[in-house]
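> One structure is given below, represented as structure tokens, and several questions about it will come after.
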């Protein structure tokens, strides 16, 4: 899916169901230093997933919906506890990621129920495609199957942002609403209820299904706000526009990041311009198994029989009979990665240094990351049952054996961290 000159969801609405709206500017990235195309991605047909088929007596503008979506995003009154909003976990001050160093956040009816996965950032997701079991990413070469890709959430089970919005609203350990109707009941009591009616029609609350669907759409349109969710204003972006230069350390880190025989990071965290000149999002949004260590800080992991297997469950249920997918999780964007305090789907690491050491030392020094068995051997890949170990990625740097030298030194790791820090939004020259 093109990451340059892409119609935002707001623009799609104008094209598909809001013909009276003014179409916004087509852009999801600032002008690149290389040529770009003005051809927008072909939108999905109206009604493709049901939401566009729910018509309104009044056709709201994208700007109006974004205002409602912003109000909803910050409203703890939409949760059963009255304490949790979308912004509680996806903090605007933290690149729409978690505001703390907890492995998982707490919600539920009492605000005390722990989740089972770390909270991802909501930035730079505007081009995530619907989940597909087979993805061909070699410039259209159908002979190269890159495997499953796309979808929102760590296991790709939501095919759009508005579908993903329903997940925390209804999750028993997040906002804990019992049903869409309960969400709509809370919307009727919200301080912005009149604004919701003015946007979607005075009769919008007469139909719970319609109201919930357009509430989800309002959240999606808000999350298509460029300056909030894809500003492309990091130092890396300034370098692409030839407005800044990397330091010597940052340049070394970039080279190590891109080196296919060493870090090989860019094989999943795409760092090059897209084929049409768009700025890189630092993810192919594919799903991959890398065998991160089990995190004892997650209460669910106290049960030795419990395993979070990503694509094949337990949160995702449609692929539970596909053992080849067990242990696979979606590759996140690395933009703003250095602003985070927890990393990986289970929040097991708490610094970029730890993460990078794991990548280059997972197989050469496994004792650094995994516990010992009673016989003294290392329990490698302890958060993935042995029958699924064949799903683990074995490309560089995961192609080495215990005792071999890691592909990066500690100095190399410092250089790569310096490069990754250039991906943080809000950079200003001094």
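Every number here is computed from the coordinates shown, using simple stated rules; none is lab data. Predicted model, so just to flag it, every value in this text is computed and none were measured. Note that each Cβ is placed from the backbone with ideal geometry, even for glycine, and that neighbours are counted across all protein chains shown.
> So how do 298-304, 251-257 stack up, highest first, on mean other-Cβ count within 10 Å?
Top of the packing list down: 251-257, 298-304.
> log10 I(q)/I(0), Debye, Cα-only the range 98-248, no solvent, q = 0.13, 0.19 Å⁻¹?
-0.83, -1.26
> Using the Cα atoms as the points, what is the convex hull volume per residue of the range 223-285 in Å³?
It is 104 Å³ per residue.
> Also: Provide, in order from the shortest bin, the percent of all Cα-Cα pairs of the range 177-270 in each 5 Å bin, continuing until the bin that contains the maximum pair distance.
3, 11, 13, 13, 10, 8, 6, 6, 9, 11, 9, 2, 0
> Which values of log₁₀ I(q)/I(0), to two decimal places, follow from the Debye formula for the range 235-423 at q = 0.11, 0.16, 0.17 Å⁻¹ with a uniform point scatterer at every Cα?
-0.53, -1.08, -1.20
> Stretched out fully, how many nm does the piece from residue 179 to residue 411 gain, at 0.36 nm a residue minus the Cα gap?
Answer, rounded to one decimal: 78.3 nm.
> Just to compare against my own numbers: the Cα pair-distance distribution for the range 348-430, 5 Å bins, whole % per bin, please.
3, 13, 18, 22, 18, 11, 7, 4, 3, 1, 0, 0
> Using the Kirkwood formula over every pair of different C-alpha atoms, what hydrodynamic radius in Å results for the range 302-408?
Working: mean 1/r = 0.0650 Å⁻¹.
It works out to 15.4 Å.
> In what sequence do 207, 284, 155 fall when counting other Cβ within 10 Å, fewest first?
207, 284, 155
> Based on a Kirkwood Rh over C-alpha pairs, give the Stokes-Einstein translational diffusion coefficient of the range 75-136 at 10 °C and viscosity 1.306 mPa s in µm²/s.
120
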